[in-house]
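Structure first, then comments.
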Amino acid sequence: MNEEERKAKEFAMRLLSKRAYTRKEVIDKLRRKNFKEEVSTRVVEILEEYGLIDDKFYAVCFAETHQEWGLRRILLELRRRGISQRDMEEVKERFGEEEFEKCLRLASEWNGLLSKEQMTARLLRRGFAPSTIRKVLDATCEDLV
């Protein structure tokens, strides 16, 4: 390992000591620190071998910690962070079933406090599917206009 790779690895290790990052995020941060693309890629590969960068694990943890978000928003954010389609499929399989229950829980909390239109807007912003929102609001907000 040459000097530039050693410095890049040290920088990446400092990053990862604070929080988890995706492969893309680490490469982007290394490039912003003016490390060469080849060096950034090599360092990330080494860190993946050590298990310090694991996009699949990151994606699952991200979905678990964003319980107030719908699946659409979670997947959009994961895509933005560079998670592969394959790893996002795992998130869909694992958390897609919970979509209705999460939406129902939020709508139940807001029922009586917000109008049906306000709840719809909030749930859409949180990334729930329009069809799910419609089903949930039909079930929980029968008395609202």
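The values are calculated or read from the model by the stated rules, or taken from the named source; none is laboratory data. None of the values given here were measured: they were computed from a predicted structure. All Cβ positions, glycine included, derive from the backbone under ideal geometry; neighbour counts span all protein chains shown. All accessible areas refer to the heavy atoms of the entire protein, side chains included, with ligands and DNA or RNA removed. Shrake-Rupley method; radii C 1.70, N 1.55, O 1.52, S 1.80 Å.
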Rounded to whole angstrom, the alpha-carbon centroid of region 90-145 lies from that of region 1-41 at a distance of 40
Sequence order, region 121-135: Karplus ³J(HN,Hα) from phi using 6.51 cos²θ - 1.76 cosθ + 1.60, θ = phi - 60°, Hz rounded, Gly and Pro as x, gives 4, 5, 5, 5, 5, 7, x, 7, 5, x, 5, 5, 4, 4, 4
How would you classify region 71-131 from its alpha-carbon gyration tensor, with a ≥ b ≥ c the square roots of the eigenvalues: rounded for a/c under 1.5, else prolate if a/b is greater than b/c, otherwise oblate? prolate
Any idea what the relative contact order of region 2-67 is, in percent, if you count C-alpha pairs under 8 Å spaced at least 6 apart? 38
At 0.36 nm per residue, minus the direct Cα-Cα distance, what do Val60 and Arg122 gain on full extension? Give it in nm, one decimal, please. 19.9 nm
Is region 1-40 rounded, prolate or oblate when judged by the Cα gyration tensor, a ≥ b ≥ c being the square roots of its eigenvalues, rounded requiring a/c under 1.5 and prolate requiring a/b larger than b/c? oblate
Can you give the accessible area per residue of region 77-139, in Å², using a 1.4 Å probe? 58
From the helices alone, meaning DSSP H stretches of at least four residues, give me the mean residue ellipticity at 222 nm for the chain, per-run term -39500 (n - 2.57), in deg cm²/dmol to the nearest 500. -22000 deg cm²/dmol
Summed side-chain charge close to Leu15 - residues other than Leu15 whose Cβ falls under 12 Å, Lys, Arg +1, Asp, Glu -1: +4
Share of carbon and sulfur in the accessible heavy-atom surface of the chain [1.4 Å probe, %]: 49
For Trp110, Trp69, the accessible-area ranking with a 1.4 Å probe, largest leading, is Trp69, Trp110
Can you compute the charge dipole magnitude of region 82-145 about its Cα centre, using +1 on each Lys and Arg Cβ and -1 on each Asp and Glu Cβ, nothing else charged? Give it in debye, rounded to the nearest 20. 240
Subtracting the Cα-Cα distance of Arg73 and Asp138 from 0.36 nm times their residue separation yields 21.2 nm
Compute the FRET efficiency between Leu113 and Gln85 as 1/(1 + (r/R0)^6), taking r as their Cβ-Cβ distance and R0 = 41 Å, and round to the nearest 0.05. 0.60
With Rg and Dmax of the Cα atoms in Å defined as stated, name the option among (i) 20.6, 64; (ii) 19.2, 59; (iii) 20.0, 69 computed from the structure displayed. (iii)
